Structures are given as C-alpha cells and as structure tokens.
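Below you'll find the structure, written out as structure tokens, and then a few comments.
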Amino acid sequence: MSVLSGKRILLIVGGGIAAYKCLDLIRRLREQGAAVTPVMTGAAAEFVTPLSVGALAASRVYSDLFDREDEQDVGHIRLAREHDLVLLAPATADRMARVANGLAEDLAGAILLATRAPVLMAPAMNPAMWDHPATRRNHRRLLDDGIGFVGPGSGEMAEKGEAGTGRMAEPLEIVAAAEALLAPRKRPLTGLSAIVTSGPTHEPIDPVRYIANRSSGRQGHAIAEALRDAGARVTLVSGPVTLADPRDVAVRHVETAAEMLIAVEAALPADIAVFVAAVADWRVAAESSRKIKKTGDGPPALALAENPDILSTIGHHDRRPGLVIGFAAETDDLLANARGKLARKGADAILANDVSPGAGAGGGVMGGTENTIRLVTAEGVEEWPTLAKEAAATRLAEWIAARLGRTETA
Ligand code: C5P
C-alpha cells in the first residue's frame, strides 16, 4: 500500500502551460489513496479549467484569498494546516521567487507561508528562466528552507524549437517524490553523536605550494549525511574540498593533518567516529615562510616529518568513542593490510577499498562516484556490492545502527 493512502494533499496548481499535467497528477494521487484539495492561482485558470480540476479531485477548488465565503468557511490558515503535504505543480519561476522571499499576496502564497506540512515543488519553466542566476539563487534558498523538489527534466519545451532543463516532472515521478517525502524516516541513531573526517589534507611547503592527494571528500560527506539522516548529531571535520557543507551538520574546515586532529579532539566526546579523510602521512618538516625560489642549483630537498595518525590517536584515546571506524584504501594485499590496521589503530571496523588502477568502475578510485567495500572486523569480512558512495554511506549507517543494537526509532 502506498504511503499516500489516506493522506490529504493540498495541490496548488501554478500558472504555466504544464498545468495541464495536473489533471493526470490528481488522478494518479487519488489512485494511491490520497485525497486532493486543489488550489488554483489566478494564472492557472488560464491554462486549465477549475471545473475539470474540481471534477477530477472530487473536491471544491479554492482560488482567491479574499473570497469571503471561503475565508469564513475554511480560511487559508486552516487549509494550510489541515494537509499532510503541500504540492506546488507547476512551480513557475515567478512563484519560486515569491516563496523564496516569503511573499503571501494570494491564497497560494499564504498557504505556502503558513503551512507546517512538507512542501514539494515541481518546477516548470523555460530553460533560460531555470538557468537564470535569480532562479538558481531562489532554488538554493528554497532547498535551504527545507522544500523538496522533483524535476525539472530536460528535453523539448512547449515553445517550438526550445530545449534544455525546465520540463515539469511527469505525474508518476511527482507521485514517487511525494511518497519518498512522506515515507516514515528510520532514525535509529537518534540521541547519538558522531564525528566524521573527510577530504584530503593540504600540507604546506611554502606560502603557495602544498602536498595534497586526490580525495574528493564525497564518501566522507555522504557518510556524514547518512548518519545525520539516521538521527545522529554529526560533526564533520573536512579538509579542503569543493563540496558544499551538508545541511544540519556541524562542519569544521581544516587544512592540515595537525589541524584535523585538533578539531577531532575538540569534538569529543562522541559515540561514533568514522575516519574517512585521506590524511597526508607526511608534512614538510620545516615549512618555508617565503616562496622557495629556483636557484639554478637543482631542486630543493624537502625533508618530511611524520603526521599524527588521527584514527590511531582516537582509537587509543582515553575518551575513545564507543565505535571507531576507519578506511583503508589499498592497492595491494587489501585484506591483510586492513586486518593489520584494525589491530594497530584500535578500530572496531575498517572499510577496505581497492584503489588499484585495475579495480575498474567498482574500484574506489579516488575522486570517483562508486565504491566497492569490504568491511573488516575482528569477527570477519563482509563483502558489499559496488555501490554509489551515497548508497555505501547509507549501508554503513545501517551497519552502525545494527552494531550498536539500535532498533529503529521514529
Ligand atoms: O594508514 P592509512 O593511511 O592507510 O589508514 C587509513 C585510515 O586511517 C583512514 O581511516 C584514515 O582516515 C586514517 N588516517 C588518519 N590519520 C592519518 C592517516 C590515516 O586518521 N594520519
């Protein structure tokens, strides 16, 4: 049975040519057992008639904020509150801009501002409008405000000869997105705290040069997000990456291994620590305060010094988190090396991945999007299939919950 069964959905039909798809959308939502209350913006009625919308929804259609009868009868606040989901389709560039700025000058605007229900938008507009910096900014803002999006897709537009991103998602995609948004969340790590390290470190040579590695931070950031989604309070200690800070995660930005260790220790105590960062093993022993010049006497000799091993330090710490997990990116003797690290570094589990060039698409080639992981513990080895880094992160969060004996909590 669909999670939409018995749910009350307030569908705001926006004023765009894609409004015609709302007729099918209403039918699809009702097929899943949802009750649909339609609200039409002024412009929507130019594209699709209230009569057909109301007939398909088997509901009265609301349209004007200042309709005295509607206000006395239901009221926009009640409309906003009485629903499990507010769905805006099509979300025009104009409507996105208004909502991003909290404007509420019509019924749709008032509902979108007053509702406490999740909001899902299905944008549809000309590709040039979707690409415009103002729409990009409004989209980001709406995402930050917690609004869900489905689409837009790419392809032919209603305007002849126009193609690009801006097509409204198909009704079935919108139904699937609504289901995903309303699906009960599993949050088994609620009440626990976690530290995750991610990305490379940069070890300065002089003011303009540094030693770095190919880590993108994708896997570490995905793990921070998966632990957050599982309910944990997460501190992400990140080396220099080009990724955006994950939402609802405390992010500490560092450059060097030494700074990373300080930030990790400052985040203790914690229940869980996952060390994903590709920390440089060595730093330049004496960083030059001036740019090193070519002298004509050949290249300078760089003396290196050992960096602290953060995983090992925390694995043997007097405030050691209850569960300590490390990674092992290896090109040779994957399992033997991972087992060695497990013992040496005081970890409960090591996620071993093969980064040898021959490991293929599934190999955890640094900077790639997929990972083939073998999870090594004192008890044995679990082989995971090749997974997108996000999926590997979700699987790790589930493994952590099981290991900690956490039954799902709402
Ligand atoms: O010894 P190796 O670098 O292969 O170990 C990898 C694991 O140890 C990873 O979990 C990595 O985040 C962690 N590590 C660390 N500090 C270092 C080196 C590695 O935390 N200086």
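Taken as a whole, the structure leaves ALA34 outside the set of residues that are in contact with a helix residue (DSSP H, G or I) (Cβ under 7 Å, 6 or more places away or on another chain), at negative phi and among the small types (Gly, Ala, Ser). Among all residues of the stretch 53-73, there is none that is at pLDDT 95 or above, more than 24 Å from LEU172 (Cα to Cα), open to solvent by less than 40 Å² (accessible area, probe 1.4 Å) and not in a loop (DSSP other than H, G, I, E, B).
Yes/no matrix, rows are residues, columns are (1) within 22 Å of the chain's Cα centre (by Cα); (2) outside the structural domain of ALA19 (by TED's automatic domain parsing); (3) surrounded by 14 or more Cβ atoms within 10 Å (Cβ to Cβ):
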{"residue": "ALA100", "(1), (2), (3)": "yes, no, yes"}
{"residue": "ALA108", "(1), (2), (3)": "no, no, yes"}
{"residue": "ASP131", "(1), (2), (3)": "yes, no, no"}
{"residue": "ALA134", "(1), (2), (3)": "no, no, no"}
{"residue": "ASN138", "(1), (2), (3)": "yes, no, yes"}
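Please verify whether ASP332 is out of contact with any helix residue (DSSP H, G or I) (no Cβ under 9 Å at 6 or more places or on another chain) and away from the ligand (no atom under 13 Å from the Cβ), treating the condition exactly as stated. It is false that ASP332 is out of contact with any helix residue (DSSP H, G or I) (no Cβ under 9 Å at 6 or more places or on another chain) and away from the ligand (no atom under 13 Å from the Cβ).
Kindly indicate whether any position in the stretch 374-391 is open to solvent by 30 Å² or more (accessible area, probe 1.4 Å), without any contact (Cβ under 8 Å) to a residue 40 or more places away in the chain and part of a helix (DSSP H, G or I). The answer is yes, given that some residue of the stretch 374-391 is open to solvent by 30 Å² or more (accessible area, probe 1.4 Å), without any contact (Cβ under 8 Å) to a residue 40 or more places away in the chain and part of a helix (DSSP H, G or I).
Yes/no matrix, rows are residues, columns are (1) away from the ligand (no atom under 16 Å from the Cβ); (2) of a type in the set (A, V, I, L, M, F, W, C); (3) over 22 Å from SER312 (Cα atoms):
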| position | (1), (2), (3) |
| --- | --- |
| GLU179 | yes, no, yes |
| THR197 | no, no, no |
| ARG209 | yes, no, yes |
| ALA212 | no, yes, no |
| GLN219 | no, no, no |
| ALA232 | yes, yes, yes |
| ALA263 | no, yes, no |
| PRO269 | yes, no, no |
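Flag set for ARG252, criterion: closer than 30 Å to GLY148 by Cα and open to solvent by 90 Å² or more (accessible area, probe 1.4 Å).
Against the list (1) touching a Leu at 6+ places or on another chain (Cβ under 9 Å); (2) more than 15 Å from the ligand (Cβ to nearest atom); (3) open to solvent by less than 80 Å² (accessible area, probe 1.4 Å), the condition ARG319 fails is (3).
Looking across ALA169, ALA177, ALA222, one residue alone is buried (at least 19 other Cβ atoms within 10 Å of the Cβ) and in contact with an Asp or Glu (Cβ under 6 Å, 6 or more places away or on another chain). It is ALA222.
Of the residues making up the stretch 204-212, not a single one is open to solvent by 40 Å² or more (accessible area, probe 1.4 Å) and either in contact with a helix residue (DSSP H, G or I) (Cβ under 7 Å, 6 or more places away or on another chain) or at pLDDT below 95 (or both). The residues on offer are LYS160, LYS186, and the sole one that is at pLDDT below 85, of a type outside the set (Val, Ile, Thr) and within 20 Å of the chain's Cα centre (by Cα) is LYS186. For the stretch 276-288, indicate whether the set of residues that are open to solvent by 80 Å² or more (accessible area, probe 1.4 Å), more than 16 Å from the ligand (Cβ to nearest atom), hydroxyl-bearing (Ser, Thr, Tyr) and more than 20 Å from LEU189 (Cα to Cα) is non-empty. No, because not a single residue in the stretch 276-288 is open to solvent by 80 Å² or more (accessible area, probe 1.4 Å), more than 16 Å from the ligand (Cβ to nearest atom), hydroxyl-bearing (Ser, Thr, Tyr) and more than 20 Å from LEU189 (Cα to Cα).
The values are calculated or read from the model by the stated rules, or taken from the named source; none is laboratory data. The structure presented is a predicted model; accordingly, all values stated were derived computationally and were not measured. For neighbour counting, all protein chains shown are included, and Cβ atoms are generated from backbone atoms with ideal geometry for every residue, glycine included. Note: accessible area is taken over every heavy atom of the protein model, side chains too, but ligands, DNA and RNA are not part of it. Shrake-Rupley method; radii C 1.70, N 1.55, O 1.52, S 1.80 Å.
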